[in-house]
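Scroll down for the structure; my scribbles are underneath it.
The values are calculated or read from the model by the stated rules, or taken from the named source; none is laboratory data. Being a predicted model, the structure only gives us computed values, none of them experimental. Here the Cβ positions follow ideal geometry from the backbone for every residue, glycine too, while neighbour counts run over all protein chains shown.
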Amino acid sequence: MSILHASSKIAGIAWNVTRLINRSLPEGQLPTPVWSQTPLKKKRERASPPLGARVTQSVCPKCLLEARDGVLRGTQSADSLTESLAKIDAEIVEEAGRVLLRKSCDRHGPFEDTLATDSRFFWKMESLYPGCDFERAEVAAHGIHSVRYGRGSYVLVDLTTRCNMKCNPCFMDANQLGHVYELSLEEIKSLLDQAASVEPKREFNILFSGGEPTLSPHFLPAVSYAQSIGLNRLHVATNGIRFAESPAFAEAARAAGLHGVFLQIDGMTEEKNAHRGVSNYLDVKLKAIDNISAAGMRVTLQVTVINTVNNDAVGSIVQFAAENSEKVFGVLFQPIMFAGRAVSNQSRPSAFLQKISGAETPRCWSRNWVFHLPCRPDEFASGWPARSQ
Ligand code: SF4
Ligand SMILES: [Zn+2]
């Protein structure tokens, strides 16, 4: 019996034992974990946001762009982006096996987006949502509701708008903004202090991002500080260049307390990475993966899927992850974000979840291993591949 098979059996038995204990305990008598001040709740005691076909809230994409332009021109305040100005009601409906989001703006007319091309898979994802517990009223306005409900989250700390690349697309418009915005160490510490004050901190991750966060002179001190105040799941989202250039940099990041690296990658050939404008970019990625791994960290491959660019490269990335699981922790697929240097004809790859579960992917991958992040049951999915042998 392989180690993987044995671990899988042990995990299955442990899970069933836990469920038996859970069933036998009366409500209100589950244990209080070290990260919480109150006991765990049974699933039926937890609240849940509305799921399934429903009326929800969305934004008018045109009103939002107008608001953003107004902020950039200085004719309206940044608060207007989070006020109700662009918010409109939307309907989530199932039609012909797809899940659609329909909305209409009084000024700009109707919009329709495809949330999923496989409705059964989408509803299954929603059904896995664990529910809300540990409500914290003081973080109610945060937006990502998992922080409010103690379900864990990624706190994004954008260290800088600088970058050592000029990709197209780039959601941050890094390197071409005409100005640099970079947090001082005091500002970073203040953000981290606020993050550390949130309780409970189950699955609580800090993700340093940018631009290219490793270019910030405060990157390593920020990681060290975060660890010193008890934030110990620390990650960086990076293009990997600094990690590829210098094994010593990877070692310093690990020594500072970095836990893992989200590495941008678009495919397993130079051609699939070519839109980033670097001729040997795949080589850089592979070197970065080696250096990060040698320093004792693991990599999550972070793939921005763009129709017509790399939506046909998804299978080979999963294959690579499966074959290199001692270095690669997982794969995170994300659709393109229409911000910065993304243009609307680079449409969202609505079918990419089918690709990662279809004929293009290796047999060791199953879409049963794809699940949403705890912050939004209807918007995020991530998956961890495992070797079958
Ligand atoms: S996409 Fe990432 S790596 Fe590319 S320019 Fe933007 S911030 Fe830099
Ligand atoms: Zn509008």
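Of note:
- Residue that is within 16 Å of ligand 2 (Cβ to nearest atom) and not assigned by TED's automatic domain parsing to the domain that holds Gly150, where the choices are Arg107, Arg46, Arg73: Arg107
- Residue match in region 291-301 (condition: basic (Lys, Arg), within 19 Å of Val328 (Cα to Cα) and assigned to a helix (DSSP H, G or I)): no
- Against the test of being surrounded by 16 or more Cβ atoms within 10 Å (Cβ to Cβ) and under 25 Å from Met172 (Cβ atoms), the options Arg46, Arg68, Arg73 yield a single qualifying residue, Arg68.
- Members of region 170-214 that are within 13 Å of ligand 1 (Cβ to nearest atom) and surrounded by 20 or more Cβ atoms within 10 Å (Cβ to Cβ): Cys170, Met172, Ala174, Phe208, Gly210, Gly211, Glu212, Pro213, Thr214
- Counted residues, region 307-317 - those being under 12 Å from Ile265 (Cα atoms) and either surrounded by fewer than 22 Cβ atoms within 10 Å (Cβ to Cβ) or away from ligand 1 (no atom under 16 Å from the Cβ) (or both): 4
- Single match in Glu270, Glu245 (criterion: at pLDDT 95 or above, acidic (Asp, Glu) and either surrounded by fewer than 23 Cβ atoms within 10 Å (Cβ to Cβ) or over 18 Å from Thr161 (Cα atoms) (or both)): Glu245
- If only residues of region 215-240 that are of a type in the set (A, V, I, L, M, F, W, C) and closer than 18 Å to Lys327 by Cβ are counted, the one that is surrounded by the fewest Cβ atoms within 10 Å (Cβ to Cβ) is Ala237.
- Looking across Lys87, Lys41, Lys62, one residue alone is under 28 Å from the mean Cα position of the chain (by Cα) and farther than 29 Å from Met172 by Cα. It is Lys41.
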